[in-house]
Amino acid sequence: QLANAAGREAFHSDDLSAIAEAHCALGNLARGVGDQPSALEHYDTALSIYRERDDRYNAGYVLIQLAKLGDLGTPHHPGNPADIAAAEACCLEGLAIYREIHNLWGIARAVNHLGYLQYKAGRYTETARSSAEALILFHESGNLSEGSQCVENLADVAGVANAPELSARLYGMAEGLRERFGTPMWPI
């Protein structure tokens, strides 16, 4: 309700930045509850505004959020290859923007999510490389709270590589990071 009230206030203003931020926040909320069509609509609107205003940092952020939409699969369902490819294209575009503006945290987020998408596409060597790179970048940017995702990606790869003990240790390490920094996994 608070987000909807803030969104209504932003939408009734002339402040395009506030409107884009409201759309982005509503996109995040919609994605968080599994409403991908609404998330896509809000992210697309936010991205259009950010591009129009040449706000590259926030355009990169929205591109990474868009890369989290689609049928990317579950442990029991392989996902749609076209959706994974589209998500990877958004992720790579966001990564290019973050590299151009030298935003280390954004680069780390993009590389981390790229590793996740590479895992979903069955490219495990690339996943391990991207996840390790992202973990180093998160450490360098002082953001280990998101590093748990990188460790989870590596644990997934260890599981696929038939290294269950290593996989279990990595999952334990990721859980320890999540507990330490108070970053639980998304419900969906």
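Label reach from residue 54 (point 7 Å along Cα→C-beta): in segment 99-136, amide nitrogens under 15 Å belong to 101.
Using the heavy atoms of the protein chains alone and a 1.4 angstrom probe, what is the accessible area of the chain per residue in square angstrom? Numbers along the way, then the final one.
Working: 10210 Å² over 188 residues.
That works out to 54 Å² per residue.
Here the chain has 56 percent of its accessible surface on carbon and sulfur atoms, given a 1.4 Å probe and all protein chains in place. Principal-axis analysis of the Cα atoms of the chain puts helix 81-100 at an angle of about 70° to the longest axis. Let me see the P(r) profile for segment 94-188: every Cα-Cα distance counted, bins of 10 Å, each bin given as a percent of all pairs. Answer for segment 94-188: a P(r) of 19, 48, 29, 4, 0 percent. Computed from Cα atoms, the angle from the helix 104-120 axis to the main principal axis of the chain rounds to 60 degrees.
Adding -39500 (n - 2.57) for every DSSP H run of four residues or longer, then dividing by how many residues the chain holds, sets the calculated 222 nm ellipticity at -25000 deg cm²/dmol.
For an R0 of 22 angstrom, estimate the FRET efficiency from the Cβ-Cβ distance between residue 99 and residue 123 and round to the nearest 0.05.
Values: r = 21 Å, r/R0 = 0.95.
My answer for the efficiency is 0.60.
Please report, to one decimal in angstroms, the Kirkwood hydrodynamic radius of segment 1-144 built from all distinct Cα-Cα pairs. Don't jump to the answer; show the numbers that get you there.
Working: mean 1/r = 0.0634 Å⁻¹.
Over segment 1-144, the inverse of the mean reciprocal pair distance is 15.8 Å.
Between residue 144 and residue 183, the distance separating the two model label sites (each 7 Å from Cα on the Cα→Cβ line) works out to 1.1 nm. Summing Lys, Arg as +1 and Asp, Glu as -1, what charge do residues with Cβ under 14 Å from the Cβ of residue 184 carry, residue 184 excluded? Result for the local shell: -2. For segment 48-110, applying the loop criterion from DSSP together with a ceiling of 15 other beta carbons within 10 Å to the trypsin sites (Lys or Arg not before Pro) yields 53.
Note on residue 29 and residue 85: with the Förster distance fixed at 30 Å, the Cβ-Cβ geometry gives a FRET efficiency of about 0.70.
The values are calculated or read from the model by the stated rules, or taken from the named source; none is laboratory data. Computed from a predicted structure; not experimentally measured. Heads up, the Cβs are rebuilt from the backbone with ideal geometry, glycines too, and the neighbour counts pull from every protein chain shown. With ligands, DNA and RNA removed, areas are computed over all heavy atoms of the protein, side chains included. Shrake-Rupley method; radii C 1.70, N 1.55, O 1.52, S 1.80 Å.
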